[in-house]
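Undergrad: I'd like to ask some things about the structure below.
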Amino acid sequence: MVTYGIDHIDQYKHLLADGRVALLTSITGRSSANKSTITLLEEVCHLTALFEPEHGLRGAHAAGDMTQDSIDPETGLPVYSLYSANSKHLSPQMLDAFDILVYDIQDVGLRFYTFLTSLCYMLEDCAAAGKRLVVLDRPNPLGGERVEGGLLGEKFQSFVGCRPIPIRYALTLGEFAVMINEKESLGCDLHIVPCDWHGEAFPNWGKIWQMPSLNLPAFENTALYAGTCLFEGTLLSEGRGTAAPFRIIGGPNIDSEKMVQAFSERKLPGVAATPVYFTPTTSKHQGTPCGGLMLHVTDFEALRPVELGVELVDLFQQMYPEQSQFIAKASPTDLASISRLTGCDDFVPGWNKTVVLDRWRQESELFAKEKTQYHIYER
């Protein structure tokens, strides 16, 4: 049976007994019994502060929305923003508020989801300040075996790509934290409260889906997001402002029936497409009628979502090159949005999907072998 780290907090409360405790969490910080981690920690330790990542403490903020320090109306505790215009690291004031930092967020197993970068920053900051970091571990919803995508290049590091790992890395956040702490010799006083998990993907957990952000309302959106997030780097809509973000892809003046036929001819595993017509209420093409594809996962085990994303970008750019161009750099010295997401500079006019996918497969195979030394759970 799959459980979460917070489900076992009574066995590990000694880790929290000798100081003031702060909690970095989100709306997903809940036990298998659907009880808030905030409430559970208040029962076993001296909880003095809360920290919020992107999307806020309770998931109410849209992607990219900066937040500010506040007071939590439910607990009266101070809430410090780790996604503010000032910084995404722990400030001296924040460090003064606790002795022990607890991290409990359900991640989605993808490099460009920013909760991963927040964990990296906590490792660095707690190590530098001599603070204890306790990760209440959770399973990876995309599973613990299948790795996809190329390694992020050093010059492409950003808040949506903090380390040289593939897009789909098949580790829990606890395993990832151990890997970074050991590989980089950070010396963080790191403790992992384990979950019960053997590499199963979310459909086999027997749990409800708690959406980690507003545009990932269900597991199917999340599974496809692993690849369709690449469309954030193009002029096409990735479905934000529709009922099916990251399942709907398209733009103005696109023939949906024609796209579905061309998509079907590629015979990509584990996924089907139907025509869709939509008018986004927010984000790209807001208020403009669009056409495109609605994606449906037919077999998650067969699905290769990252490769699907590359295939889809290639398909749209072949059929509608003007509508699907890559978004230009904000300045000559800035990174292109597509480069931030992919961690490489291959995606330029004239790019070759075969070259990209062949290299990505080689790099993901190497990482899949390397990561086994940091496994906490048997797969």
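Undergrad: Taking the chain as the reference, fit the longest principal axis to its C-alpha atoms, fit the long axis of helix 353-370 to the helix C-alpha atoms, and give the angle between the two in degrees, 0 to 90, nearest 10.
TA: 20 degrees
Undergrad: Rounded, prolate or oblate: which fits region 130-216, taking a ≥ b ≥ c as square roots of the Cα gyration tensor eigenvalues, rounded meaning a/c under 1.5, else prolate when a/b beats b/c?
TA: Cα axes put region 130-216 in the oblate bin.
Undergrad: P(r) of region 38-154 in 10 Å steps, Cα pairs, percent per bin?
TA: 12, 42, 35, 10, 1
Undergrad: Give me the base-10 log of I(q)/I(0) for the chain at each q in 0.06, 0.13, 0.14 Å⁻¹, Debye formula, one uniform scatterer per Cα, rounded to two decimals.
TA: -0.23, -1.06, -1.22
Undergrad: Helix 219-228 versus the longest principal axis of the chain: what is the Cα-based angle in degrees, 0 to 90, to the nearest 10?
TA: Helix 219-228 sits at roughly 60 degrees to that axis.
Undergrad: With the other protein chains left in place, how much accessible area per residue, in square angstrom, belongs to the chain at a 1.4 angstrom probe?
TA: 40 Å²
Undergrad: Separate question: If I compute solvent accessible area with a 1.4 Å probe over the protein chains, what percent of it on region 245-355 is carbon and sulfur?
TA: 53 percent
Undergrad: Show log10 I(q)/I(0) for region 231-376 at q = 0.10, 0.17, 0.21 Å⁻¹, two decimals, from a solvent-free Debye sum over equal Cα scatterers.
TA: Evaluating at q = 0.10, 0.17, 0.21 Å⁻¹ gives log10 I(q)/I(0) of -0.38, -1.03, -1.39.
Undergrad: For region 21-101, what class follows from the C-alpha gyration tensor (a ≥ b ≥ c being the square roots of its eigenvalues): rounded when a/c is under 1.5, otherwise prolate if a/b is larger than b/c, else oblate?
TA: Judged from the Cα gyration tensor, region 21-101 comes out oblate (a/c at least 1.5, b/c at or above a/b).
Undergrad: Taking all protein chains in place and a 1.4 Å probe, what share, in percent, of the accessible surface of region 159-214 do carbon and sulfur account for?
TA: 52 percent
Undergrad: Can you flag which of Lys329/Lys353; Lys284/Lys329; Lys13/Lys88; Lys131/Lys371; Lys155/Lys183; Lys207/Lys284 are past 23 Å Cα-Cα?
TA: Lys13/Lys88; Lys131/Lys371; Lys207/Lys284
Undergrad: For the chain, find the longest principal axis of its Cα atoms and tell me its angle to the long axis of helix 173-183, 0 to 90°, nearest 10.
TA: With both axes taken from Cα atoms, the answer is about 80 degrees.
The values are calculated or read from the model by the stated rules, or taken from the named source; none is laboratory data. Only a predicted model underlies this, so the values are computations on that prediction, with no experimental measurement involved. Just the protein is used for accessible areas: all its heavy atoms, side chains included, with ligands, DNA and RNA removed. Shrake-Rupley method; radii C 1.70, N 1.55, O 1.52, S 1.80 Å.
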